[in-house]
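The values are calculated or read from the model by the stated rules, or taken from the named source; none is laboratory data. Treat the numbers as computed from the prediction; the structure is a model and nothing was measured. With ideal geometry, Cβ positions are generated from the backbone for all residues, glycine too; neighbour counts draw on all protein chains shown. Side chains included, ligands, DNA and RNA excluded: accessible areas come from the protein's heavy atoms. Shrake-Rupley method; radii C 1.70, N 1.55, O 1.52, S 1.80 Å.
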Amino acid sequence: MTIRVHNTLSGKKEEFTPLEGKKVRMYVCGITAYDLSHLGHARAAVVFDVIYRYFKTRGYEVTYVRNFTDIDDKIIKRANELGISTAELSEKYIDEYHDDMDALGLLRPDFEPKATENIDNMISMIEKLFENGYAYKAGDDVLYSVKKFNGYGKLSGKNIDDLRSGARVCVDEKKEDPLDFVLWKGKKPGEPFWRSPWGDGRPGWHIECSAMSGAILGETIDIHGGGRDLVFPHHENEIAQSEAANKKPFVNYWIHNGFVNIDQEKMSKSLGNFFTIRDIREKYHPEVVRLFLLTNHYRSPIDFTEKNLRDAEEAVRRLYDTLGRLIESAKGDGKADSDDGNRKELLNAAADFTAGFTEAMDDDFNTAMALGKLFDFVHAVNRFLDRPGDLSAEDIEALKEAQRRIEEATSVFGILQKDPNVYFEEIKSLKLSETEIDPLEIERLIAERTEARANKDFAAADRIRDDLAEMGVILEDSPSGTMWKLK
């Protein structure tokens with residue numbers, strides 16, 4: 001099968017054909033490093049991490065680049081407020097970003113360029129724009145002449161005349177056209193600066209990504225991605241700069257993820273519904289956050305609510321319960337009689353799952369549909385394991401195959417990456433941070449209940465279960481033992 005992607009440039013799904021064989025050149029806009037990253041950053045990061053993983057699973061050789069903007073108006077303002085250098089501030093929040101992304105289980109991109117390390121590349125691109133007639137000096141700044149680029153607005157679908165009318169409200173008198181944007185900002189007191197042919201200063205935001213992607217991936221790349229909010233003006237301006245400088249197409253496929261809403265309202269600091277990744281990590285396991293972010297198609301908005309996170313938590317628990325049962329099944333002696341009918345049904349379900357999962361992911365990385373296929377298969381696995389009687393050697397081999405297929409699929413999503421016992425211990429620690437319940441006391445009572453059940457004192461076992469329930473503790477018995485969680 002062939003992977004199909006929704007290309008923002010054409011507004012439709014297209015068959016994915018790389019520029020060169022099975023090699024994929026992918027650039028994704030990263031953060032502006034001046035504060036802790038929020039849930040919107042997490043969604044973009046997880047979406048493109050999954051795309052990266054899936055391409056590799058399908059046999060593509062991917063070069064993945066995600067940049068850091070480490071010089072910008074917001075960075076300068078924040079650094080001045082704190083009385084530190086922009087370099088110190090940006091390094092701090094790049095480290096914080098890596099801490100969050102590592103916790104969420106993201107694979108590091110192949111390259112993570114910083115804007116300040118690519119100033120020479122930006123200057124070279126601006127020089128090309130001067131040579132080709134698209135750049136002009138305006139006071140201490142250098143601007144891009146939008147009216148000279150045929151096709152401005154082709155990514156966002158915006159009408160250039162409408163844009164020009166709206167821009168006249170706050171037009172800069174130095175601009176030849178209200179839509180012209182800054183390529184190089186002249187030096188201002190108290191700001192970092194670099195030498196250039198047009199005077200001391202620093203790059204504009206848009207030129208940074210054009211220069212960094214070109215320097216690492218080449219003048220034309222396969223995929224450029226980012227959040228939907230970057231379509232205009234950032235990505236529109238990247239196209240204008242890159243294609244005017246290099247005189248060739250910039251990107252073949254544009255991919256944009258949707259917004260994160262908080263209780264059906266757009267996440268915003270002004271509304272007080274703004275969540276950092278660090279906030280969320282204090283309450284929810286990173287794999288729960290990952291699964292939640294994949295429950296909707298990446299192009300659709302996703303609603304962050306306590307219920308949706310709890311549902312995701314329950315879904316991850318079901319997956320780990322099943323993985324635990326599969327691991328336990330492999331320890332059997334396999335001496336029971338073979339049951340060809342039930343085993344064939346399981347193997348057919350496994351084949352259907354792999355085919356359905358691939359079909360869903362090939363269709364514009366439809367993680368919501370792929371998750372549905374995964375849980376259908378998990379249900380089939382548990383139905384097989386719930387049969388009375390012991391397992392034959394052939395049954396155990398079939399279950400090992402089921403485990404392999406589940407782990408192969410979940411590795412694309414970046415979940416089920418731990419031993420089940422480790423995961424449940426980590427979940428337990430998170431829950432205990434929200435309560436004053438003593439975990440040692442819970443474990444003691446569970447041990448008493450286990451002993452009571454072994455002695456067939458079921459009344460005592462039920463009484464302990466009821467006592468724990470009043471404390472808000474739910475018990476879950478499985479072949480590998482008794483697990484507990486808080487309501």
Q.
Checking the conditions here, which among Leu294, Leu319, Leu326, Leu346 is open to solvent by less than 30 Å² (accessible area, probe 1.4 Å), touching a Ser or Thr at 6+ places or on another chain (Cβ under 6 Å) and not small (Gly, Ala, Ser)?
A. Leu294
Q | Flag for Gly225 being in a loop (DSSP other than H, G, I, E, B), small (Gly, Ala, Ser) and either over 30 Å from Lys266 (Cβ atoms) or modelled with pLDDT of 95 or more (or both) | A | no
Q.
Anything in segment 101-118 that is more than 17 Å from the chain's Cα centre (by Cα) and buried (at least 18 other Cβ atoms within 10 Å of the Cβ)? List them, or say none.
A. Pro113, Lys114, Ala115, Thr116, Asn118
Q: Evaluate segment 110-132: report whether one residue or more is free of Cβ contacts under 8 Å to residues at least 60 places away in the same chain and over 24 Å from Phe68 (Cβ atoms).
A: yes
Q | Filter result (part of a helix (DSSP H, G or I) and open to solvent by 100 Å² or more (accessible area, probe 1.4 Å)) within segment 376-391 | A | Asp376, His379, Arg383
(Q) Quick test for you: out of Val24, Val46, Val50, pick the one residue that is in a strand (DSSP E or B), within 19 Å of the chain's Cα centre (by Cα), buried (at least 18 other Cβ atoms within 10 Å of the Cβ) and not charged (D, E, K, R). (A) Val24
(Q) What are the pairs with Cβ atoms under 6 angstrom where one residue, in segment 1-12, is among the hydrophobic types (A, V, I, L, M, F, W, C) and the other, located anywhere, is surrounded by 16 or more Cβ atoms within 10 Å (Cβ to Cβ)? Sequence gap at least six, or different chains. (A) Met1/Asp362; Ile3/Phe16; Ile3/Asp362; Val5/Phe16; Val5/Tyr253; Val5/Asp364; Leu9/Leu155; Leu9/Trp254
Q) Considering segment 254-278 alone, what residues qualify as being open to solvent by 50 Å² or more (accessible area, probe 1.4 Å) and modelled with pLDDT of 90 or more? A) Phe259, Arg278
Q: Could you tell me which of the residues Ile327, Ile262, Ile255, Ile280 is of a type outside the set (D, E, K, R) and within 30 Å of Ile126 (Cβ to Cβ)?
A: Ile255
